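Have a look at the structure below before the remarks.
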Amino acid sequence: MTEYQSIGKPIPRSDSREKVTGSALYVDDLRFPRMLYLKVLRAGVPHARIKSVDITKAELMEGVYKVISKDTEGLDKNLLFGTCIFDQPPLAVDKVRHAGEVVAAVIADSEKNALRAVKNIQVEFEELPHVLDPYEAIAAEAPLIHERNGQYKHLPTFVPVPDSNVFYKYHLKKGNDTEVFREADVIVEDEFEYPLMNHATIEPHGAVAYWDHAGDLHLWSSSQAPFVVREVLSDMFNLPMTKIHVNIPYLGGGFGGKSDYTIEPLLTLCARYVPGYHVKFRLTRKEVFIGTVLGRGLKGKMKIGAKKDGTLVGIEAQLYFSDGAYADTSCNVVLAAGHNCVGPYFFPNCNLQSFGIYTNTPPVGAMRGYGHPEGQFMIERLLEQLALKLGIDSHTLRRKNFLRPGDTNSLGQTISEHNGDVVECFNKMIEALTKNLLPNEDDQFFYGRGVAALVKSPVQASNAASCVFLKVNEDLTVNISIGGVEMGQGCLTVLAQIAAETLKIPVKDVRINYEINSQLTPYEWQSVASMTTMRVGNAILAACEKAVTQFKKNAALVFDCDISELSYDGKTVSRGSENIPLKDLVKGYQYEDGHAVGDPILSVGSSVVRDVTLPDLDTGQYQPYEWTFGAQGCDIRIDKTTGKIKVIHFVTALDVGKVINPDTARGQITGGVMMGIGAALKEKILFNKKGIMQTDNLRKYRIPTMTDMPEKFTCILVENPQPDGPYGARPIAEHPIIGAPPAILNAFQNATGISLLKLPISSERVLTALKQRS
């Protein structure tokens, strides 16, 4: 077994001191001379034509520099932005499609003055029928939210259905997709709901934009995707990327909600009217809810069939996503959910359809798990029903049908040993969960135990890349610049461990620079898909190996030999018994008479995903990247009087490939589980009949708190190394959220005999279900 110096060690987080002392800089900490502030007027109605916008009074108010509306001179009313489907204007010009959409904006010398002016803008609407539910939105009589659906510029992969609210239909076929259940002895089917949710990051969205007098755009944003933001703005303004400077400080959480461009197009459009001024736009918590992106929003149907012995033979599913007013940020969620709804199980026959549907709600974008929690909630709940109908233990049923090496998944990919071991994860999870006996029902409580298995693939561009710059300093410390964003996940520490191990130096001597400037920082596709450790880690590995080679090349000039004769140990380069200290090689080698040979140690590294393809338009099959398998289980206690569910013990086992830092890995797992507990028990976006969001702050929208934490957490890190991962590591950050909701609902059914299929199962819903059972 390989002994590592840094890999696998619980190194403390390098950013912890800055964050606990409050010295870490976030967007709202930024101050600039002569800074102005942007505030906006939102529609307040979910669907309407804009008849007029009167900004006369607002323009005359104290401190106002500019008011922007659909009639502002120079505004391109045909301007649309996106990357997959270009259907969204930065400012509403003809109609509004959700109540949080911006119809006018004010730039003033203070937020207070900007807000006063906003209140004096008058808008006249012609209200239109609205639709919030995906089933209702696909009905023949549903109002069309986008009359131009099918005419917008879009990537070939995402084919819309014209004259409807369906902007994307993904259809995956495997095996006999027309007679999926021909060999089935038993069939079970049901309908499910995973509601709209909010990311609830600690830091609300914010940005500062500045157009200089040379026409360059400078942007500071709380974004997970600086280079995607740059791409979108470059397309919007027809501006060369060399004239766009996107800067990213620390982020106070993302969870996918900041990986999609939300406020940047509007802010930069408005700031262009006041060149030479920095304009700050920071959202209130309510604005984050109603005016950025939401997550999830599934209503779905699933049917699975099996033989009498429990062998799964086929699956059909229809997933309908309420994806809000604009489609661009949700296309790939629809895709991911479609092919991942089978979970980590072998089905020879699949007929899976996933629909992206326009509704009059805020747009849906990335959210931790990215389409995987929705579909796998369905399959894990349905397997419990199948086990009951067959009279087979649900653990046995799962074990019988897990994907194993040689099996093909829903996409037709053959599973290999190096993909990980779901069976090992499941068995270790069960072993940990069953160490303690589950209490028997008493007068006050029910007790239940539930499990779920999971699999996740990163959904990313087929050419997604990570790049790094590396510089070895004169004192042999190392600076590495990355384009990956530190948003609380601990990547700065983990990546430093990878570099230190490769260079054979202490972790404290490596600094990963978190400050991102798109002009100076190497390219990074996005900090999403749980891929920072793997993709950026591989780029760092490559850069470090090049740096070692450069040290050897400098030494080879001195020794007058081939570099194959040399060895490197992190302190010297040696040839037999002779050695040269690295400090004498770091700038090249200087002889006693002053002349020098060799070069300073500078290197670059990159990592690009390979062999990833686009979905076939007929079969839906394609090649994603890699897979991470896992299993989760829990014991819960249900109060018969209040309906409150308490998680007693939660166990997660993930095949992580190789643990880089066990502490940060456990932190990711426990955080993901807590978000899953919130999805299972508390979180749901609600609208009234007028289409106005009711749960638009953290008092009304209930997220889990410390009191909701399980009494005991168990994190099991299974290690079956990924051959192309840095030191064998796999992605793990999003995965713990996937299995938590179905495990909890399976435990509820185990305790009460009641099958619930809609999330969340709040205390009120639990009490209602218990009364109905009685």
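The values are calculated or read from the model by the stated rules, or taken from the named source; none is laboratory data. Here the structure is a predicted model, which means the values were calculated and not measured. All Cβ positions, even for glycine, are placed from backbone atoms using ideal geometry, and neighbour counts span all protein chains on display. The area values use the complete protein model at the heavy-atom level, side chains included, leaving out ligands, DNA and RNA. Shrake-Rupley method; radii C 1.70, N 1.55, O 1.52, S 1.80 Å.
Identify, from the list Gly657, Gly678, the residue that is farther than 21 Å from Val766 by Cα and of a type in the set (Gly, Ala, Ser).
Testing whether each residue is farther than 21 Å from Val766 by Cα and of a type in the set (Gly, Ala, Ser) leaves just Gly657.
In the range 117-133, is there at least one residue being in the same structural domain as Gly63 (by TED's automatic domain parsing), small (Gly, Ala, Ser) and either in contact with a Leu (Cβ under 6 Å, 6 or more places away or on another chain) or touching a residue at least 60 places away in the same chain (Cβ under 8 Å) (or both)? Yes, the range 117-133 has at least one match.
Considering only residues of the range 481-517 that are of a type in the set (S, T, N, Q) and open to solvent by less than 10 Å² (accessible area, probe 1.4 Å), which is farthest from Asp663 (Cα to Cα)? Before you say what the answer is, go through the steps one by one.
Filtering the range 481-517 down to residues of a type in the set (S, T, N, Q) leaves 481, 489, 493, 497, 502, 513, 517.
Still in the running and open to solvent by less than 10 Å² (accessible area, probe 1.4 Å): 493, 497.
Values: Thr493: 11, Gln497: 13 Å.
Of everything passing the filter in the range 481-517, Gln497 is farthest from Asp663 (Cα to Cα).
Elements of the type strands (runs of 3 or more DSSP E) sitting completely within the range 471-590 and holding at least 3 residues that are touching a Ser or Thr at 6+ places or on another chain (Cβ under 9 Å): these cover 510-513, 572-575, 578-581.
Considering the range 175-203, and only residues there that are part of a strand (DSSP E or B) and among the acidic types (Asp, Glu), the residue that is farthest from Leu390 (Cα to Cα) turns out to be Glu193.
Restricting attention to the range 475-497 and to residues that are aliphatic (A, V, I, L, M) and within 30 Å of His199 (Cα to Cα), the residue that is modelled with the lowest pLDDT turns out to be Met487.
Just to be sure before I move on: is Arg666 farther than 19 Å from Ala529 by Cβ, of a type outside the set (Ser, Thr, Tyr) and either assigned to a helix (DSSP H, G or I) or open to solvent by less than 20 Å² (accessible area, probe 1.4 Å) (or both) in the structure I sent? When the stated conditions are applied, Arg666 passes them.
Please work out if Tyr135 is modelled with pLDDT of 95 or more and crowded, with 22+ Cβ neighbours inside 10 Å. No.
Taken together, Glu101, Glu73 contain a single residue that is free of Cβ contacts under 8 Å to residues at least 60 places away in the same chain and either farther than 30 Å from Asp663 by Cα or assigned by TED's automatic domain parsing to the domain that holds Gly276 (or both), which is Glu73. If you check Gly369, Gly375 for being within 20 Å of Ile732 (Cα to Cα), outside the structural domain of Gly254 (by TED's automatic domain parsing) and not in a helix (DSSP H, G or I), only one passes: Gly369.
Checking each residue in the range 603-616 for being touching a strand residue (DSSP E or B) at 6+ places or on another chain (Cβ under 8 Å), open to solvent by 50 Å² or more (accessible area, probe 1.4 Å) and not polar (S, T, N, Q) picks out only Val604.
Counting only residues that are assigned to a helix (DSSP H, G or I) and touching a Lys or Arg at 6+ places or on another chain (Cβ under 8 Å), the range 727-744 holds 5 of them. For Arg765, the requirement of being in a helix (DSSP H, G or I) and among the basic types (Lys, Arg) is met. Taken residue by residue, the range 490-497 has no member that is touching a Leu at 6+ places or on another chain (Cβ under 8 Å), small (Gly, Ala, Ser) and closer than 25 Å to Gly257 by Cα. Within the range 723-746, the residues that satisfy the criterion of being in contact with a His (Cβ under 8 Å, 6 or more places away or on another chain) and either of a type in the set (A, V, I, L, M, F, W, C) or modelled with pLDDT under 95 (or both) are Pro723, Ile738.
When the test is whether a residue is open to solvent by 30 Å² or more (accessible area, probe 1.4 Å), part of a loop (DSSP other than H, G, I, E, B) and either touching a Leu at 6+ places or on another chain (Cβ under 7 Å) or more than 17 Å from Ser322 (Cβ to Cβ) (or both), Pro156 passes it.
Looking only at the range 67-80, how many residues end up being part of a strand (DSSP E or B) and surrounded by fewer than 21 Cβ atoms within 10 Å (Cβ to Cβ)? Qualifying residue count for the region: 0. Would you point out which residue out of Thr714, Thr705, Thr670 is free of Cβ contacts under 8 Å to residues at least 12 places away in the same chain and not assigned by TED's automatic domain parsing to the domain that holds Glu501? After ruling out the rest, the residue left standing is Thr705. Is it the case that the range 505-519 has a residue that's more than 23 Å from Val548 (Cα to Cα), acidic (Asp, Glu), outside the structural domain of Ala209 (by TED's automatic domain parsing) and touching a residue at least 60 places away in the same chain (Cβ under 8 Å)? Among the residues of the range 505-519, at least one is more than 23 Å from Val548 (Cα to Cα), acidic (Asp, Glu), outside the structural domain of Ala209 (by TED's automatic domain parsing) and touching a residue at least 60 places away in the same chain (Cβ under 8 Å), which makes the answer yes. Pairing residues of the range 333-346 that are at positive phi with residues that are open to solvent by less than 10 Å² (accessible area, probe 1.4 Å), at Cβ distances under 6 Å and at least 6 apart in sequence or on separate chains, gives Gly343/Gln376; Gly343/Ile379.
Here Thr329 meets the list (1) open to solvent by less than 10 Å² (accessible area, probe 1.4 Å); (2) within 23 Å of Pro162 (Cβ to Cβ); (3) not acidic (Asp, Glu) almost entirely, failing just condition (1). Just one of (1) open to solvent by 30 Å² or more (accessible area, probe 1.4 Å); (2) part of a helix (DSSP H, G or I); (3) more than 21 Å from Thr2 (Cβ to Cβ); (4) of a type outside the set (Lys, Arg) fails for Gly672. It is (1). Residues satisfying the criterion are absent from the range 589-602 (criterion: open to solvent by less than 40 Å² (accessible area, probe 1.4 Å) and in contact with an Asp or Glu (Cβ under 6 Å, 6 or more places away or on another chain)). Hey, can you tell me all the residues within the range 13-51 that are open to solvent by 40 Å² or more (accessible area, probe 1.4 Å), in a loop (DSSP other than H, G, I, E, B) and over 23 Å from Val106 (Cβ atoms)? Correct list: Arg13, Ser14, Gly22, Ser23, Leu25, Tyr26.
Is at least one residue of the range 151-172 basic (Lys, Arg) and closer than 30 Å to Gln385 by Cβ? So that I can check it myself, show each step before the final result.
As a first pass, look at the range 151-172 and keep what is basic (Lys, Arg): 153, 169.
Remaining after also requiring closer than 30 Å to Gln385 by Cβ: 169.
Yes, that holds for at least one residue.
State yes or no: is Phe446 at pLDDT 95 or above and assigned to a strand (DSSP E or B)? It would help to see each step written out before you state the result.
Values: at pLDDT 95 or above: yes; assigned to a strand (DSSP E or B): yes.
For Phe446, the condition - at pLDDT 95 or above and assigned to a strand (DSSP E or B) - is met.
Filtered by the rule that a residue be surrounded by fewer than 22 Cβ atoms within 10 Å (Cβ to Cβ), more than 24 Å from Arg610 (Cβ to Cβ) and touching a Gly at 6+ places or on another chain (Cβ under 6 Å), the range 535-568 gives a lone residue, Leu557. Is one or more of the residues making up the range 415-433 over 30 Å from Lys546 (Cα atoms), loosely packed, with under 15 Cβ neighbours inside 10 Å and more than 28 Å from the chain's Cα centre (by Cα)? Looking through the range 415-433, at least one residue is over 30 Å from Lys546 (Cα atoms), loosely packed, with under 15 Cβ neighbours inside 10 Å and more than 28 Å from the chain's Cα centre (by Cα).
Name every residue in the range 617-631 that is surrounded by 14 or more Cβ atoms within 10 Å (Cβ to Cβ) and modelled with pLDDT of 90 or more, in order of residue number. Walk me through it before giving the result.
So the first thing to find is which residues in the range 617-631 are surrounded by 14 or more Cβ atoms within 10 Å (Cβ to Cβ), and the list is 619-631.
Across the range 617-631, the qualifying residues are Thr619, Gly620, Gln621, Tyr622, Thr628, Phe629, Gly630, Ala631.
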